There are 2 protein chains.
Amino acid sequence: MPTKKSTTPDRAGTAGRILDVAERLVQVRGFNAFSYADVAKAVGIQKASLHHHFATKADLGVALVTRYRHSFLDTLRSIEATSSHGFERLERYADLYGKVLRAGRMCMCGMLASDAATLPKPMRGSIAEFFAENEEWLSRILAEGKKRGDITFDGSAASMAAFIVSSLEGGMLVSRGSGDLDHFDDVVDRLLERVRPAKTKTKRRSG
Amino acid sequence: MPTKKSTTPDRAGTAGRILDVAERLVQVRGFNAFSYADVAKAVGIQKASLHHHFATKADLGVALVTRYRHSFLDTLRSIEATSSHGFERLERYADLYGKVLRAGRMCMCGMLASDAATLPKPMRGSIAEFFAENEEWLSRILAEGKKRGDITFDGSAASMAAFIVSSLEGGMLVSRGSGDLDHFDDVVDRLLERVRPAKTKTKRRSG
DNA sequence: GTCTATAGGCAGATAGAC
DNA sequence: GTCTATCTGCCTATAGAC
């Protein structure tokens, strides 16, 4: 859930600034509820200039999802590299979503998932890829943690990963719909309680 | 999750047909991705005629959410009236969402929750009410079931209710975004497994 | 790469006849 | 209550000068 620096480039230059602005607009309003005029205004150039960087809105959308996927994976790898404890990794994973929510945004691909039926076809495959990669990473972290004993759960790591992603995305959605951000924290608490290893007593959520 | 007959009226007449069509369009495409022209075409009247029934799109939106809330509550009461076993009630509750998903739709208020930032203000309060009523009902069913011993869970009924709603909404969202409807069934299985009472061996999901 | 100007279409909404 | 006709404004996108 970016909004942080990443290993990949694409964040500098006009194209990068356009993507930054468009990403925020998608996360707050959705793909069908922002226009080139909105982006142009926020970036400080004219509408027509946007078309030089992204010929069509569909092109912009594809670039948006592609960058988001890479950026998100970078963040996951960073969590993996800087935390060796399974449960702590999951806390930090959940906190990614919490930070986005508190920034007034929805997970970009969660937002796009709800717009799916109306999106240009090339975007849809990339959105599905986001969820697949996300669950793959989570699944691996869960399996390793279970083996090491610093994460607890029943059933397959893959289905647990799918469950976690759904709960967090749904938690964000319902919190935004209810206008009650604490709702999300309750969901995270309950989710983490189910995977917390018997002995550990790590404090929940930092931000 | 309607698309079924309800005790309340509002389903007959031109206004009712307009609401039926608009409801489907919102559930499939979202509030910002359908037009009066779409509705008029599907209903078989002219755009201008729609304004006689719902002067503005905001008015249509408010009527849509209000009817949906009442209709949904009717369905919940019907589950409560025709199932006396707690776990079975939860199975039927989850199945409501599954049926909507398999119809190619999203929960209407889940969809509207993602559109929230762009919606006319009068709609937002009503959407929040939907989630509150929904969780209230679920909370009561959970508390009763726990007391009777035909539902199991830790923590408060209210937080468990919030968790269930989030997981189901998120399950629908991610399933649609992944293009994999089985994803949702896995989420439901895992969710129900956590509330299943020790002795019972009810089969999961009927539809 | 950015600009001005504009095309062509669709959005939500209104006026007024029947 | 439904129609035809129309308004105004915004949308995505393009042409062509600088």
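Just tell me how shielded A:30-40 is by partners: mean number of partner chain Cβ atoms within 10 Å of each residue's Cβ, no decimals.
Details: counts 9, 3, 8, 8, 2, 0, 0, 0, 0, 0, 0.
Counting other chains' Cβ atoms within 10 Å and averaging over A:30-40 gives 3.
May I ask for the net charge around B:SER35, where only other residues with Cβ less than 13 Å from the Cβ of B:SER35 are counted and Lys, Arg are +1 while Asp, Glu are -1?
Details: positive: B:ARG29, B:LYS41, B:LYS47, B:LYS57; negative: B:ASP38.
Result for the neighbourhood of B:SER35: +3.
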| Taking the mean number of other Cβ atoms within 10 Å as a proxy for protection, how do you rank A:112-124, B:156-168, A:41-53 from highest to lowest? | B:156-168, A:112-124, A:41-53
| message | For A:HIS51, place a label point 7 Å from Cα along the Cα-to-Cβ direction in every copy; what are the distances to the other copies, in nm, shortest first? | response | 3.1
| Going down the table (B:LYS57/B:LYS121; A:LYS99/B:LYS99; B:LYS147/B:LYS199; A:LYS199/B:LYS146; B:LYS146/B:LYS199), which pairs top 23 Å between alpha carbons? | A:LYS99/B:LYS99; A:LYS199/B:LYS146
| field | Calculated [θ] (222 nm, deg cm²/dmol) that DSSP helices of n ≥ 4 give over chain A, each run adding -39,500 (n - 2.57) | value | -23500 deg cm²/dmol
| remark: Computed about the Cα centre, the charge dipole of region B:107-174 from +1 Lys/Arg and -1 Asp/Glu charges at the Cβ has a magnitude in debye, to the nearest 20, of 80 debye
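For the protein assembly as shown, what does the alpha-carbon gyration tensor say about shape, rounded, prolate or oblate, given a ≥ b ≥ c as the root eigenvalues, a/c under 1.5 as rounded, and a/b over b/c as prolate? Before the final figure, lay out the partial values.
Numbers: a/c = 2.07, a/b = 1.02, b/c = 2.02.
The shape class here is oblate.
Please work out the Cα convex hull volume for region A:40-193 and give it in Å³ per residue. Write out the running numbers ahead of the final one.
Numbers: hull volume 19.6 nm³, N = 154.
Looking at region A:40-193, the number lands at 127 Å³ per residue.
Lys and Arg at +1, Asp and Glu at -1: add these up for the other residues within a Cβ distance under 13 Å of A:ILE45 and post the number.
Numbers: positive: A:ARG17, A:LYS41, A:LYS47; negative: A:ASP38.
My count for the surroundings of A:ILE45 gives +2.
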| For B:SER78, which inter-copy label distances result when the label point lies 7 Å beyond Cα on the Cα-to-Cβ vector, reported in nm to one decimal and in ascending order? | 5.0
| query | Angle between the Cα long axis of helix A:57-82 and the longest principal axis of chain A, 0 to 90 degrees, nearest 10? | reply | 30 degrees
| Distances from A:THR14 to the same residue in each other copy, label points 7 Å out along Cα→Cβ, in nm, shortest first? | 5.1
| Which one of B:PHE163, B:MET106, B:PRO120 is farthest out on the positive end of the charge dipole of region B:102-175, using unit charges on Cβ (Lys, Arg +1; Asp, Glu -1) and the Cα centre as origin? | B:MET106
| About its Cα centre, what dipole magnitude does the protein assembly as shown give when the only charges are +1 on Lys and Arg Cβ and -1 on Asp and Glu Cβ, stated in debye to the nearest 20? | 80 debye
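By the gyration tensor of its Cα atoms, with a ≥ b ≥ c the square roots of the eigenvalues, what is the shape of region A:124-207: rounded for a/c under 1.5, prolate for a/b over b/c, or oblate? Mind dumping the intermediate values first?
Details: a/c = 2.43, a/b = 1.12, b/c = 2.18.
Since a/c reaches 1.5 but b/c is at least a/b, the shape of region A:124-207 is classed as oblate.
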| note | Counting other chain Cβ atoms within 10 Å of each Cβ in A:152-160 and taking the mean gives 2
| query | Looking at the axis that maps chain B onto chain A, which chain B residue has the closest Cβ, and how far off is it in Å, rounded to a whole number? | reply | B:GLY170, 1
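If you take the beta carbon distance between A:LYS147 and A:ALA103 as r and set R0 to 41 Å, what does 1/(1 + (r/R0)^6) give as a FRET efficiency, to the nearest 0.05?
Efficiency for this residue pair is about 0.75.
So how do A:THR56, A:THR66 line up by other beta-carbon neighbours within 10 Å, fewest first?
Numbers: A:THR56 11, A:THR66 17.
Exposure proxy ranking, most exposed first: A:THR56, A:THR66.
Every number in this text was worked out from the coordinates using simple rules, so none of it is lab data. None of the values given here were measured: they were computed from a predicted structure. No Cβ is skipped: glycine too gets one built from the backbone with ideal geometry, and neighbour counts run over all protein chains shown.
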